[in-house]
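The values are calculated or read from the model by the stated rules, or taken from the named source; none is laboratory data. No experiment lies behind these values; they were computed from the predicted model shown. Using ideal geometry, Cβ is built from the backbone for each residue, glycine included, and neighbour counts are taken over all protein chains shown. Surface accessibility is based on the protein's heavy atoms, side chains included, excluding ligands, DNA and RNA. Shrake-Rupley method; radii C 1.70, N 1.55, O 1.52, S 1.80 Å.
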Amino acid sequence: MDEFFIDSAQHSFGERKILNNVYLKCCVGEVVGVLGRNGCGKSTLLKIIFGTIKPYYKHLRIDDKIVQKGFLSGKIAYLSQSFFIPHYLKLATVIKLYTNKYQHLLLELPIFNAHLNERIGNLSGGNRRLAEALLIIYSDAKYVLLDEPFSQLSPLLIEEIKTNINAMLSYKGFVITDHYYQHVLNYASRTILLHNGCNYNINNLEDLQLHGYLPAMLH
Ligand SMILES: Nc1ncnc2c1ncn2[C@@H]1O[C@H](COP(=O)(O)OP(=O)(O)OP(=O)(O)O)[C@@H](O)[C@H]1O
């Protein structure tokens, strides 16, 4: 099966229980949205899947194989909330370092082409965020976890992210967390909400109100 899932994810920081019993599945060809209030554990969940947080318990399967840390399988890539590429590297160098199979697609992108000889630290904050997101989207990994990919981006760059995810959807599955909930709800194939350490399926704004993510009198 071309899918990964994490089941029964449980994690606490000290006495504070963050994830109680969380399930998340992602197939190749779909974009799964993950919403939730600040501090509910979205990044923690993605880091557990990627393998940089060791949870109290989890069952992680990638393409029918039980896996301890996602990154060790080579099939999971994770875009964190903070910049991860050294500021002094030129974009052209970074593309060669971070991509392989889909490198030619990335090099052909007009938005990248204009900046190839620039150092990544000299790009505007939004363009740097976009560049890092595109490197992860076009990485070799089959499943891509994007932690707030739309934050700092103007509407045109948000569309650029979506266009490039669409371009890779036949090869990959994507998980996206973001507080731009309308973008997530409208764009994702399906969406879950993390709340009180558990996951809930979300179909519309009313579901988000029901679980207290949105104020009741929004519309
Ligand atoms: N290393 C850590 N040590 C202790 N507490 C932590 C640690 N990392 C995260 N936390 C706490 O765990 C909770 C969940 O954090 P997490 O970053 O997963 O939330 P989030 O849903 O991604 O939030 P946001 O939407 O604000 O990015 C928060 O209360 C946070 O303060």
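Just to be sure, is LYS25 assigned to a loop (DSSP other than H, G, I, E, B), more than 9 Å from the ligand (Cβ to nearest atom) and open to solvent by 50 Å² or more (accessible area, probe 1.4 Å)? No, not satisfied.
Quick one: would you say LEU218 is farther than 23 Å from HIS11 by Cα, surrounded by 15 or more Cβ atoms within 10 Å (Cβ to Cβ) and modelled with pLDDT under 95? For LEU218, the condition - farther than 23 Å from HIS11 by Cα, surrounded by 15 or more Cβ atoms within 10 Å (Cβ to Cβ) and modelled with pLDDT under 95 - is not met. Every condition in (1) of a type outside the set (Val, Ile, Thr); (2) over 26 Å from GLY126 (Cβ atoms); (3) open to solvent by less than 40 Å² (accessible area, probe 1.4 Å); (4) not in a helix (DSSP H, G or I) is met by ASP207 except one, and the failing one is (4).
Would region 181-189 turn up any residue that is open to solvent by less than 40 Å² (accessible area, probe 1.4 Å), modelled with pLDDT of 95 or more and closer than 21 Å to ALA77 by Cα? So far as region 181-189 goes, yes, one or more of its residues are open to solvent by less than 40 Å² (accessible area, probe 1.4 Å), modelled with pLDDT of 95 or more and closer than 21 Å to ALA77 by Cα.
Within region 142-149, none of the residues are at pLDDT 95 or above, in a helix (DSSP H, G or I) and more than 13 Å from the ligand (Cβ to nearest atom). Taking each residue of region 1-20 that is open to solvent by 70 Å² or more (accessible area, probe 1.4 Å) and looking for partners that are of a type in the set (A, V, I, L, M, F, W, C) with beta-carbon atoms closer than 9 Å, six or more apart or interchain, yields MET1/CYS27; ASP2/CYS27; ASP2/VAL28. Considering region 101-139, the residues that are part of a loop (DSSP other than H, G, I, E, B) and touching a strand residue (DSSP E or B) at 6+ places or on another chain (Cβ under 8 Å) include one that is most open to solvent (accessible area, probe 1.4 Å), namely ASN117.
Among the residues of region 82-100, which ones are more than 14 Å from LEU134 (Cα to Cα) and either open to solvent by 90 Å² or more (accessible area, probe 1.4 Å) or of a type in the set (Gly, Ala, Ser) (or both)? Scanning region 82-100 gives SER82, HIS87, TYR88.
Among the residues here, GLY41 does not qualify as closer than 14 Å to LYS142 by Cα and either of a type outside the set (Gly, Ala, Ser) or in contact (Cβ under 8 Å) with a residue 60 or more places away in the chain (or both). Search region 47-79 for residues being farther than 22 Å from TYR102 by Cβ and among the hydroxyl-bearing types (Ser, Thr, Tyr), and hand back the single one that is most open to solvent (accessible area, probe 1.4 Å). Only one residue fits best here, namely TYR56.
Within region 33-75, the set of residues being more than 9 Å from the ligand (Cβ to nearest atom), under 18 Å from ASN196 (Cα atoms) and part of a loop (DSSP other than H, G, I, E, B) comprises PRO55, TYR56.
Being touching a residue at least 24 places away in the same chain (Cβ under 8 Å) and out of contact with any Lys or Arg (no Cβ under 6 Å at 6 or more places or on another chain) is a property that LEU91 has.
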